[in-house]
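In what follows, a structure is listed as structure tokens, so that the remarks can point back to it.
The values are calculated or read from the model by the stated rules, or taken from the named source; none is laboratory data. These numbers come from a predicted model, not from an experiment. Using ideal geometry, Cβ is built from the backbone for each residue, glycine included, and neighbour counts are taken over all protein chains shown. Ligands, DNA and RNA are stripped out before the accessible areas are found, and what is left, the full protein with its side chains, is counted by its heavy atoms. Shrake-Rupley method; radii C 1.70, N 1.55, O 1.52, S 1.80 Å.
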Amino acid sequence: MKITNLFTEFFYSEKAGGILLIVVTMLSLLLANTGIQDTYLDFWKAEIGSHSVSGWINEGLMALFFLLIGLELEREIYNGELSNLRKASMPIFAAAGGMLMPALIYYLFNSTTPYISGAGIPMATDIAFAIGILSILGNKVPLSLKIFLTALAVIDDLGAILVIAVFYSRSINVIFIILALLTFVVLILLNRLKVNNLIFYISGGLIMWYLFLHSGIHATLAGVLLAFAIPFGNGDERSPSFILQHILHKPVAFLILPLFALANTAIDIDAGFFRSITREYGIGIIAGLVVGKPLGIFMFSYLAHIIGISQKPDDTRWPCIIGIGFLGGIGFTMSIFISLLAFNDEDIINNAKVAILIGSLISGFIGYFWLKSGLKPEKQI
């Protein structure tokens, strides 16, 4: 199977980034529960202008993460796994099932509780962690399976962004939204006029981010829209999209996501912690990630294949799709992100974060050992 150097770079930067995320998450949890706890927690809450330190990371730096996700999705549509309709539809269906089933399971536990707003939390897949776990298996993993997981996670993240925009946006300012969309239209016109200078797009992206920041819609949406405004061309090394994606890989993997992990896993785990995560929302999050994700990903993929809409990835057996489904239950980045928007109470947010960590840990372990037992390095599956 032909694969671009850019995908290889993306995969291995995400692999290293996933390992780094594990390390900084453990470090953050440790610092938040030691003698320097108050100083550490207060640092992330410190106000800088209109936002806290963690707020600038979540609404500012994370826009660059979503820009990279958008660029990767654009590449997959034009030049990658999503360029063939039947192959593209499989990860699309898988992502849809992997979002709907966890939300349904969460709803079943929380439909009569005040925590129903957390239904979006177990819907997301963390690209860095999921690819990081898959990459540990080395050459046992067929290339088609790597691309399937990447495409699934990218589409999943796009779906999570849409969920944020529709369900988790607060008091809407229509004027700012209109101005932001007009800025996006101007950038699209520049694209159609074959303006390839990235300065124009980055400047427009900053304006769009500022407008969304004050619109009530989460500012990170600007990153995704900007990605689709930037010219892709033929996708070669001179393409503005390629150049920017190449520039963003390492800063996102080795700076932005680790900062996000540090800021959002600074959780004070007190004596009542285990009792707290057995609340309906904690059970819903864990069950959604561990059960809902693999069930939804496999069911929707299999149905799409059976009715002839989609084509299963080359050299891949159905049990491997189940294993990928478990890795899809690693929700970390986007799940934590949505929990910050879903709840207002800091204790509930912290408990939700811990439930996300537990669910992601269980899913990662099951996915790793499931695939390890099912993949064969000597021959294709």
Which order do Asp126, Asp270 take when ranked by solvent-accessible area (1.4 Å probe, heavy atoms of all protein chains), largest first?
Asp270, Asp126
Can you pull the accessible area of Leu162 for me, 1.4 Å probe, Å² to the nearest 10?
100 Å²
Carbon and sulfur atoms account, in whole percent of the 1.4 Å probe accessible area of segment 9-122, for 70 percent
Integer Hz, Karplus 6.51/-1.76/1.60 couplings in order for segment 97-106, x for Gly and Pro
x, x, 9, 5, 5, x, 5, 5, 4, 4
Full extension between Leu85 and Thr39 adds, at 0.36 nm per residue less the Cα distance, a length in nm of 11.3 nm
Got a sec to turn the phi values of segment 319-335 into Karplus ³J(HN,Hα) couplings, 6.51 cos²θ - 1.76 cosθ + 1.60 with θ = phi - 60°, whole Hz, x for Gly and Pro?
x, 5, 5, 4, x, 4, x, 5, 5, x, x, 7, x, 2, 3, 5, 5
Name the residue farthest towards the positive end of the dipole of the chain from the options Met26, Phe129, Ile92, assuming +1 on Cβ of Lys and Arg, -1 on Cβ of Asp and Glu, about the Cα centre.
Ile92
Residue by residue through segment 20-27, which ³J(HN,Hα) values in whole Hz follow from phi under the Karplus form 6.51 cos²θ - 1.76 cosθ + 1.60 (θ = phi - 60°), with glycine and proline marked x?
4, 4, 4, 5, 5, 5, 4, 5
Carbon/sulfur fraction of accessible area - segment 148-224, other protein chains in place, 1.4 Å, %:
77 percent
Which percent of the Cα-Cα distances in segment 115-201 go past 14 Å?
77 percent
Taking the alpha carbon gyration tensor of segment 12-59, what are the square roots of 5 times its eigenvalues, largest first, to the nearest whole Å?
23, 18, 5
In Å², and per residue, what accessible area does the chain have when probed at 1.4 Å with the other protein chains present?
43 Å²
Rounded Å value of the spacing that divides the Cα centres of segment 28-104 and segment 321-367
12 Å
Given (i) 23.5, 90; (ii) 20.1, 61; (iii) 21.6, 70 as candidate values of Rg and Dmax of the Cα atoms in Å, which corresponds to the one derived from the coordinates?
(ii)
Show me, bin by bin at 5 Å from 0, the whole-percent P(r) of segment 17-142 based on Cα pairs.
2, 8, 9, 13, 17, 18, 15, 9, 5, 2, 0, 0
Among all stretches of the chain without exposed GluC sites (Glu not before Pro) (DSSP loop, at most 16 other Cβ atoms within 10 Å), which one is longest?
1-236
For segment 71-173, alpha-carbon Rg relative to the globular expectation (2.2 N^0.38 Å, N residues):
1.23
So for segment 254-381, taking the charge dipole from beta-carbon charges (+1 Lys/Arg, -1 Asp/Glu), which of Met334, Ile358, Tyr368 sits furthest toward the positive end?
Tyr368
